[in-house]
1. Filter region 253-270 down to residues that are farther than 21 Å from residue 19 by Cα and in contact with a strand residue (DSSP E or B) (Cβ under 8 Å, 6 or more places away or on another chain) and give me whichever is farthest from the ligand (Cβ to nearest atom).
2. Scan region 253-286 for residues that are assigned to a loop (DSSP other than H, G, I, E, B) and either surrounded by 17 or more Cβ atoms within 10 Å (Cβ to Cβ) or within 15 Å of the chain's Cα centre (by Cα) (or both) and report the count.
3. State all residues of region 44-72 that are surrounded by fewer than 21 Cβ atoms within 10 Å (Cβ to Cβ) and touching a strand residue (DSSP E or B) at 6+ places or on another chain (Cβ under 6 Å); if no residue qualifies, say none.
4. Based on this model, can you work out whether residue 138 counts as in a strand (DSSP E or B) and within 30 Å of residue 107 (Cβ to Cβ)?
5. From the list 345, 312, 324, 318, which residue is under 21 Å from residue 187 (Cβ atoms) and more than 17 Å from the chain's Cα centre (by Cα)?
6. Taking the stated definitions as given, is residue 104 more than 16 Å from the ligand (Cβ to nearest atom), within 25 Å of residue 387 (Cβ to Cβ) and at pLDDT 95 or above?
7. Please go through (1) more than 16 Å from residue 273 (Cα to Cα); (2) within 16 Å of the ligand (Cβ to nearest atom); (3) in contact (Cβ under 8 Å) with a residue 40 or more places away in the chain; (4) touching a strand residue (DSSP E or B) at 6+ places or on another chain (Cβ under 6 Å) for residue 373 and return the number of the only condition it doesn't satisfy.
8. Residue by residue through region 303-326, note down the ones that are touching a residue at least 60 places away in the same chain (Cβ under 8 Å), farther than 18 Å from residue 354 by Cβ and not in a loop (DSSP other than H, G, I, E, B).
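The values are calculated or read from the model by the stated rules, or taken from the named source; none is laboratory data. This one's a predicted model, so the numbers in the text were calculated from it and none came from an experiment. Cβ placement follows ideal geometry from the backbone for every residue including glycine, while neighbour counts extend to all protein chains displayed.
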Ligand SMILES: Cc1cc2nc3c(=O)[nH]c(=O)nc-3n(C[C@H](O)[C@H](O)[C@H](O)COP(=O)(O)OP(=O)(O)OC[C@H]3O[C@@H](n4cnc5c(N)ncnc54)[C@H](O)[C@@H]3O)c2cc1C
């Protein structure tokens, strides 16, 4: 590589977080290179449920959750699964996860989530403006549907947390729910509407459209598998691919769950687990949905997308690189039929992805402590689509050295090692 085309900053990983980071870096006037082993946005960022919510401020781990986990684990249709041979490996992560759900911790986590999600819709609209694909984001409610009407309680702790941070909520009856979403089963007795949301009608295509925008902004996108990274003598970073070793002044690590393995040889231990999730997309469903729907009993989401009607969910702990578990796929189809009795389920496509999850539901964002010029942008668990634009803005300011208005200490990459910057 010649001095002339040398980037100011290299982003590893072209998932939605890497793409949004690269765009914000380019907006700061920096020359950006974005590297992925695959086409942009085709891993975890492709198959998610498409929810973009300023009001996703409820952590995954909440007080009392531990009481529900055993029941979920023994139910073959339950939202959580652990591969038995993986149990010893995930046990300490699981204990940390449950500990993060203590009463004294959840409000701080919620505030940190708020920092990343609050302007998510507006920031996406800015990214998409002028691309000709603004309609990839649509206004939506998030409909939480309950079979037992007494469970649809606006005073429960999770809805209170949302309301305290400004979420417009409304409780509706089963009859009103059927007016809003005629395709839903009549088993649902009530729903809570979270308003002021958006939904992506094709998360994968959003990534493609934004990657094209990055190219038009002068960004360079390379298809390469990164094998390792290390600090260079005299400053900056080296990264190794099959084509050789490259140098970059600043490096952003945005490889989702795969970021952990690149950091290990540097002595950085991130407790990040692959929380596998599945989707089934019905190509000719015969019905459609107007909003994002969460079946609150079985914890999965349904939404009409460009590719078909998509149901997405499951948190399966089995490690990286395991084949898809057909039982989880079959379970999702069964759940989809129960949610949507008129669904035509014969023509479907299935997908498995890896949520990059830390015990506190928060990502790692910022310069990695003890490793100058290496910036973390990974670990967005269930919220990477919605948190990506704000993460990108923060990364761009950090790389450029612009003072931040936000407190990013909750996202310190090495917070679980108790290392101070
Ligand atoms: C079922 C399901 C539903 C979800 N629903 C939602 C939702 O509704 N809303 C929401 O906000 N979030 C949702 N999520 C979470 C969201 O999808 C993720 O948090 C997000 O996609 C993570 O993005 P990322 O860019 O960090 O990682 P990824 O999209 O995984 O990108 C990482 C990139 O790194 C690349 N890479 C890996 N290793 C290498 C290497 N060695 N060399 C080069 N490149 C490499 C990969 O190819 C990949 O493109 C859901 C997730 C799942 C599984």
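1. Of all residues in region 253-270, those farther than 21 Å from residue 19 by Cα come to 264-270.
Applying the additional criterion that residues be in contact with a strand residue (DSSP E or B) (Cβ under 8 Å, 6 or more places away or on another chain) yields 265-266, 270.
On the way: 265: 13, 266: 15, 270: 13 Å.
Among them, the one singled out is 266.
2. Residues of region 253-286 that are assigned to a loop (DSSP other than H, G, I, E, B), as a first pass: 254-255, 267-272, 283-286.
Okay, now just the ones that are also either surrounded by 17 or more Cβ atoms within 10 Å (Cβ to Cβ) or within 15 Å of the chain's Cα centre (by Cα) (or both), so 254-255, 268, 270-272, 285.
Total satisfying the criteria: 7.
3. 72
4. Working: in a strand (DSSP E or B): yes; within 30 Å of residue 107 (Cβ to Cβ): no.
The answer is no for residue 138.
5. Working: 312 fails: more than 17 Å from the chain's Cα centre (by Cα); 324 fails: under 21 Å from residue 187 (Cβ atoms); 318 fails: under 21 Å from residue 187 (Cβ atoms).
Exactly one of 345, 312, 324, 318 is under 21 Å from residue 187 (Cβ atoms) and more than 17 Å from the chain's Cα centre (by Cα), namely 345.
6. Numbers: more than 16 Å from the ligand (Cβ to nearest atom): yes; within 25 Å of residue 387 (Cβ to Cβ): yes; at pLDDT 95 or above: yes.
Here the answer is yes, as residue 104 does meet what is asked.
7. All conditions pass for residue 373, except number (2).
8. Of all residues in region 303-326, those touching a residue at least 60 places away in the same chain (Cβ under 8 Å) come to 303-307, 310, 312-320, 322, 325.
The next check asks that each one be farther than 18 Å from residue 354 by Cβ; those that pass are 303-307.
Hits for region 303-326 are 303, 304, 305.
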